[in-house]
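Chemist: The following block contains the structure, expressed as structure tokens.
Throughout, read-outs are computed from the coordinates displayed, never taken from laboratory work. Not measured: the values here are computed from a predicted model. For neighbour counting, all protein chains shown are included, and Cβ atoms are generated from backbone atoms with ideal geometry for every residue, glycine included.
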Amino acid sequence: MSYWDISRMAIDGDLQARVTASAAQEQEGDPFAWAATNMIRLAAQPGWSEAWASAVAGGNPSPGRDEAVITDGMILSGVQALLAAAP
């Protein structure tokens with residue numbers, strides 16, 4: 001796990017757009033605000049930074065857009081977990 005990779009994922013526009021789409025399907029609130037508030041927590045999910053670092057090291061120019069790096073299943077699982085843990 002690298003804090004640098006987590007920080008890069010949290011501000012990646014492509015990944016944030018995918019998270020926003022998931023949040024829109026999973027909750028009633030503002031998906032844009034939810035995604036912006038929770039990106040760093042999502043990026044810190046187990047396995048995310050390793051997948052991201054591997055893609056970057058392999059020369060992937062758009063790891064946040066690439067569904068083979070952070071899968072839709074990983075995003076959905078992370079979104080659902082954070083929603084379930086919310087007060």
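Chemist: Looking only at the range 58-87, count every residue that is within 17 Å of residue 4 (Cβ to Cβ) and either assigned to a helix (DSSP H, G or I) or of a type in the set (S, T, N, Q) (or both) and tell me the total. Give the derivation first.
Modeler: Initially, the range 58-87 is screened for residues within 17 Å of residue 4 (Cβ to Cβ), giving 58, 60, 63-64, 69-70.
Those still in the list that are either assigned to a helix (DSSP H, G or I) or of a type in the set (S, T, N, Q) (or both) too: 60.
Count: 1.
Chemist: Here is a follow-up. Sort out which residues of the range 34-57 are among the hydrophobic types (A, V, I, L, M, F, W, C), under 13 Å from residue 3 (Cβ atoms) and either under 11 Å from the mean Cα position of the chain (by Cα) or not in a helix (DSSP H, G or I) (or both), and write them in order of number. Walk me through it before giving the result.
Modeler: Filtering the range 34-57 down to residues among the hydrophobic types (A, V, I, L, M, F, W, C) leaves 34-36, 39-40, 42-44, 48, 51-53, 55-57.
With the extra rule that they be under 13 Å from residue 3 (Cβ atoms), the set shrinks to 40, 43-44, 48, 52-53.
Matches in the range 34-57: 40, 43, 44, 48, 52.
Chemist: Surrounded by 18 or more Cβ atoms within 10 Å (Cβ to Cβ) and either touching a residue at least 40 places away in the same chain (Cβ under 8 Å) or among the acidic types (Asp, Glu) (or both): which single residue out of 19, 69, 56 fits that description?
Modeler: Within the list 19, 69, 56, the selection yields 19.
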